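The values are calculated or read from the model by the stated rules, or taken from the named source; none is laboratory data. Predicted model only: the values in this text are computed from it and were never measured. Cβ: placed from backbone, ideal geometry, glycine included. Neighbour counts: every protein chain shown. Accessible surface areas use protein heavy atoms only, side chains included; no ligands, DNA or RNA. Shrake-Rupley method; radii C 1.70, N 1.55, O 1.52, S 1.80 Å.
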Amino acid sequence: MILRTAETVDAQRELAAIVGSENCIVDPAELRVYECDGLTGTRVRPLVVVLPATTEEVAGVVKIARRYGLPIVPRGAGTGLSGGALPVENGIVIGLSRMHRILEIDFENLRMRLQPGVINLDVTKAIAAHGYYYAPDPSSQSVCSIGGNIAENSGGAHCLKYGFTTNHVYSATVVTSDGDVVEIGSPCSDAVGYDLMAALVGSEGLVGIVTEAVVRILRTPEKTCTLFATFPSTDEAGNCVSGIVAAGIVPAAIEMMDKLAIEAIVKSTGVDWPLDVGAALLVDVDGVEAEAEHTAAQAVEIARASGALEVRTPRDERERQLMWKGRKSAFAAMGRISPNYYVQDGVIPRSEISLVLREIADLCAREGFRVANVFHAGDGNLHPLVLYDGRIPGQAHHAEEVAAEILRICLRHGGSITGEHGVGADKAAYMGEAFSEADLESMNFVRCAFDPHAIFNPGKVFPTPRLCGDRAGAYVPHATEISEQAGRG
Amino acid sequence: MIADVPIREIVVPATLDEAAEIMRARAARGASVSFMGGGTDLGYGNSPERVDTLLKTEKLTRVVEYAPSDQVVTVEAGLTLGALQKTLAAENQRLALDPPRSELATLGGLLATNGYGPLRTRFGTLRDLIVGISIVRADGTVARGGGKVVKNVAGFDLPKLMVGSLGTLGLIATATFRLHPMSERREWHAVATRSLRDVRTLCRALLDRRLEPSAVIALADANACATYVLFEGFGAGVESQGAKLREVARDLFGGNVSRVDARGGVDAAALAEGARTYGNVRLRISTPPAFIPSLEHDILAPLRSAYRECRVVLYPTIGATFVGGFPREGDRFVSALEGARAAAEAARGNLVVVECAEPSLRERIDAFGALPDSFPIMRRLKERFDPNRRLNPGRFLGGL
């Protein structure tokens, strides 16, 4: 139920004055597009969606929101899988998709300055011809945006060797909940003070709105070797992963697909992978040519010794891209084998992959569900896909419960409730199982330092609503703060 | 004493529970608390306003959990990096971090000061290696962040936030790190560069030839400049990179490249560490890497003249430069530092941080220089974690 009072009509008029009425969406039919993100099962219609084009416009919108007491939900490309961009009823959604310019490419210092709406893959596309790339590569990279990646600390297949978004962003221009524009981080090697970038990246839209970011770019490795190996079951594939790591190899990526995932991928993309296998691994090793070739040869040996049925290496770059296309289209491919599916994202210690996969298989069998697994095996980041039929009453809910139980399995094995999809709206309820009250309180300290008004993305990440009002005691300022030498930088 | 400030009381907890108990008790009586690990960086930052209690972590040295097959280790904060590396070496693994004085420096101290060495080129800093943390907050509450898996986006990233916080947000009690395999081979090579311009040209060429050094160090006198390059990995890769480096150096400078870590050779890492720990007043200059050719004229030369004797070492691929030595009389040094800071700021926000200074100088300079415009957020962060400003008060940026 959307409240349209005289006050909200005033707010809308002011918002339209800033971004232009064509970028201020209030029409219910048009608002439908923004009712959810990649977590499509939950929908909320916002009061208004604004699409600013500049940092100043974003700041102006935030100031109006503050004045009217309207909560703000920032939104990138809307591809997130945890409902991080799920609107708040009677709130404003700020969509950053119009801010999609690449502002600066600095090959000398290996940096790029970007607006938040730039699509992840477009960053690499802009520099690939010069022999550079941007490392974080979430599977949705052809549609997801850098701003969303920063909010979610997005990973991807190749973060095993190269790290996550948080390891690749130097600094950001941020609009705070006061509507101020603040630079966070530093273009230099070291910033002074607290590492606010650490807090900003992965904060899921709860601390501010990034309107520009300086990211790190890398030289494309001299050589990348890919191998595709099939195994009788996920046990042998798991042993192969452990073997590669134990040999001192740091692969760029190791992806595992089980029988059901392979079936879906083959049906959907037409890759010529065998169907009579229990699991497959897709491995990238990269680096200087001699190193990559040496480690690739070693990995092939380890795969054979681990009981591989077949080991393939692509004949050319086209074939290599095809293998990766198969892997990256896995989620979408599930439509070929099931009317609906629920994607889970949990993490376990790498050495327990076989054990945990068996526990998950047992759980799903017991509950009457099929489960497909396609995941980042190198860092133990599981993506079990619980397959269900939404036409059968109660099945969607039941599948969700099974998926929740999978998270508890991950926690019991010393893992995490999310490796890359974020907590968002979807997993806020499980944060209390993963963290203590004191842990969550400390996280809330960080949020409140950025957004004392708690207007950004309320209801996300934290299991129960939290305000920023209460403080343990009166703060005792330092002499330089009183004399106003400090704090005005 | 810490930087001339007397210490009223020293406590040495034997367990984490005891540490939390001490924190609660000091909170009850409003005592300020500072923390000390190996004491290798006590000169870092501004002088604390007071030190009612100094909590030493020297007995908190347990390896809490080590899972070699997961390449993850959890340790108590008082463990030295050297001792940790010995434990890890038995499994052919390491924490990819090589700050000065690693035999003495503790993981807690390194986290608090964001200590790093030349391996940063390839492996980043502790923020890129830490995956979990537990802290004791000012009121004695124990809180955790992150976990013990390398990939984890559940909640705000407390582990990274604690890196470089200089004991002002809480006591770092335990930390969990991701590990790397030990390399089959590592080779240091010396390249005959003559100037910082040469150093920069070399770094650029390494990048363009797709070489992947683990570390690059340049030792820069006023008139000479020697560069050392470290390659690590499997034998085949290290050998081919060494060969390419020789080609690059010949093409660029007509110069030689020599293996320096063979028997009787030069220990490049030790040389660099010597420079980084030299003298009683040390500075760190952070710049974008491409600024390095201008560094000598704009910043280093005026600083050199303010030292009676000094050494300069750079990590040129990162843009970090360290100057250490014995300064001339105070006025001259203070104005040289101010000049360097102004020049640095003019050149796109470069930073000059005082890593260590003698007490008489400390009173006249701020260790961190100008405040960033994000300082109000930092102050609010401090207010939340330490509302009574009892943790290492005055030591950090802007009097936090």
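Before moving on, here are some points about what is shown:
- Residue within the range A:152-170 that is of a type in the set (A, V, I, L, M), touching a helix residue (DSSP H, G or I) at 6+ places or on another chain (Cβ under 8 Å), within 30 Å of A:ARG43 (Cα to Cα) and not assigned by TED's automatic domain parsing to the domain that holds A:LEU281 present: yes
- Selected residue (only one of A:GLY424, A:GLY473, A:GLY414 is modelled with pLDDT under 95 and assigned to a loop (DSSP other than H, G, I, E, B)): A:GLY473
- Entirely in the range A:159-260, the helices (runs of 4 or more DSSP H) that have 2 or more residues that are within 30 Å of A:TYR68 (Cα to Cα): A:196-200
- Criterion (facing chain A (nearest Cβ under 7 Å), outside any helix (DSSP H, G or I) and open to solvent by less than 10 Å² (accessible area, probe 1.4 Å)) met by exactly one of B:GLY140, B:GLY145: B:GLY145
- Which listed residue is surrounded by fewer than 22 Cβ atoms within 10 Å (Cβ to Cβ), within 14 Å of chain B (Cβ to nearest Cβ) and acidic (Asp, Glu), from A:GLU319, A:GLU255, A:GLU293: A:GLU293
- Scanning the range A:343-359 for residues that are under 23 Å from A:ASP426 (Cβ atoms) and buried (at least 22 other Cβ atoms within 10 Å of the Cβ) turns up A:GLN344, A:ASP345, A:GLY346, A:VAL347, A:ILE348, A:VAL356, A:LEU357.
- Taken over the range A:72-113, the criterion of being charged (D, E, K, R), touching a Lys or Arg at 6+ places or on another chain (Cβ under 7 Å) and open to solvent by 40 Å² or more (accessible area, probe 1.4 Å) is satisfied by A:GLU104 alone.
- Positions within the range A:129-150 being open to solvent by 50 Å² or more (accessible area, probe 1.4 Å), at pLDDT 95 or above and small (Gly, Ala, Ser), in sequence order: A:ALA129
- Note on the range B:210-236: among residues that are facing chain A (nearest Cβ under 10 Å) and without any contact (Cβ under 8 Å) to a residue 12 or more places away in the chain, the one that is surrounded by the fewest Cβ atoms within 10 Å (Cβ to Cβ) is B:ARG210.
- When B:LEU283 is tested against (1) modelled with pLDDT of 90 or more; (2) under 25 Å from B:ARG197 (Cβ atoms); (3) outside any strand (DSSP E or B), exactly one condition is not met: (3).
- Within the range B:290-400, strands (runs of 3 or more DSSP E) holding 2 or more residues that are more than 9 Å from chain A (Cβ to nearest Cβ) and modelled with pLDDT of 90 or more: B:307-315, B:320-327
- Flag for B:LYS160 being crowded, with 24+ Cβ neighbours inside 10 Å, charged (D, E, K, R) and over 22 Å from B:PRO99 (Cα atoms): no
- Qualifying residue in the range A:356-370 (condition: outside any strand (DSSP E or B) and within 14 Å of another protein chain (Cβ to nearest Cβ)): yes
- When restricted to residues that are under 20 Å from B:ALA269 (Cβ atoms), of a type in the set (Asp, Glu) and touching a helix residue (DSSP H, G or I) at 6+ places or on another chain (Cβ under 6 Å), the range B:59-110 contains 1.
Yes or no, residue by residue, for (1) in a strand (DSSP E or B); (2) of a type in the set (Gly, Ala, Ser); (3) open to solvent by 30 Å² or more (accessible area, probe 1.4 Å):
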| residue | (1), (2), (3) |
| --- | --- |
| B:ARG194 | no, no, yes |
| B:ARG197 | no, no, yes |
| B:LYS244 | no, no, yes |
| B:VAL248 | no, no, no |
| B:LEU252 | no, no, yes |
| B:GLY255 | no, yes, no |
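- Which listed residue, of A:VAL123, A:VAL175, is closer than 26 Å to A:ALA454 by Cα, open to solvent by less than 20 Å² (accessible area, probe 1.4 Å) and not small (Gly, Ala, Ser): A:VAL175
- Condition check for A:THR166: without any contact (Cβ under 8 Å) to a residue 24 or more places away in the chain and open to solvent by less than 40 Å² (accessible area, probe 1.4 Å): no
- Check on B:ASP17, surrounded by fewer than 21 Cβ atoms within 10 Å (Cβ to Cβ) and of a type in the set (Asp, Glu): yes
Conditions tested, residue by residue: (1) over 27 Å from B:PRO316 (Cα atoms); (2) polar (S, T, N, Q); (3) touching a residue at least 60 places away in the same chain (Cβ under 8 Å); (4) in contact with an Asp or Glu (Cβ under 6 Å, 6 or more places away or on another chain).
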site	(1), (2), (3), (4)
A:TYR170	no, no, no, no
A:VAL175	yes, no, yes, no
A:SER186	no, yes, no, no
A:THR226	yes, yes, yes, yes
A:SER233	yes, yes, no, no
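- Residues (free of Cβ contacts under 8 Å to residues at least 60 places away in the same chain, touching a helix residue (DSSP H, G or I) at 6+ places or on another chain (Cβ under 6 Å) and farther than 24 Å from B:PRO68 by Cβ) located in the range A:243-274: A:VAL271, A:TRP273
Results for (1) without any contact (Cβ under 8 Å) to a residue 12 or more places away in the chain; (2) within 23 Å of the chain's Cα centre (by Cα); (3) closer than 26 Å to A:ARG408 by Cα, shown as yes or no for each residue.
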{"residue": "B:GLY147", "(1), (2), (3)": "no, no, yes"}
{"residue": "B:VAL153", "(1), (2), (3)": "yes, no, yes"}
{"residue": "B:PHE156", "(1), (2), (3)": "yes, no, yes"}
{"residue": "B:PRO159", "(1), (2), (3)": "no, yes, yes"}
{"residue": "B:THR168", "(1), (2), (3)": "no, yes, no"}
{"residue": "B:MET182", "(1), (2), (3)": "no, yes, no"}
{"residue": "B:LEU202", "(1), (2), (3)": "no, no, no"}
{"residue": "B:ASP208", "(1), (2), (3)": "yes, no, no"}
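- Looking across A:GLY243, A:GLY238, one residue alone is crowded, with 24+ Cβ neighbours inside 10 Å and outside the structural domain of A:THR173 (by TED's automatic domain parsing). It is A:GLY238.
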